[in-house]
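Everything below concerns the one structure shown next.
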């Protein structure tokens, strides 16, 4: 029994990257939010948490061969960074005040992305 389980896990580890590579597609994250949330640190943290949750959903795919869900963490991180930067840019253009923590997050992410 142990030997059969080990072989199944090894096969699953080999199938996962191939399955993920076969379904390359462009993903986007669209989410409605209240700009007033970003005036406080707590509101900004709430929005970023929601962005992360939605990004994980968008960057997930079901792997029927092994009966699990694969989440592409790199995809989710990239979507969150892009969303934070876009929100920050939109609010800056509008002249809306943004919590300092959200500004730092947008600046750090922008520096890392370029």
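None of 86, 103 is surrounded by 15 or more Cβ atoms within 10 Å (Cβ to Cβ), modelled with pLDDT of 80 or more and part of a helix (DSSP H, G or I) except 103.
What about residue 52, is it in contact with a helix residue (DSSP H, G or I) (Cβ under 6 Å, 6 or more places away or on another chain), in a helix (DSSP H, G or I), surrounded by fewer than 16 Cβ atoms within 10 Å (Cβ to Cβ) and at negative phi?
yes
The values are calculated or read from the model by the stated rules, or taken from the named source; none is laboratory data. The structure displayed is predicted, hence computed values, not measured ones. Note that we place each Cβ from the backbone using ideal geometry, even for glycine, and neighbour counts take in every protein chain shown.
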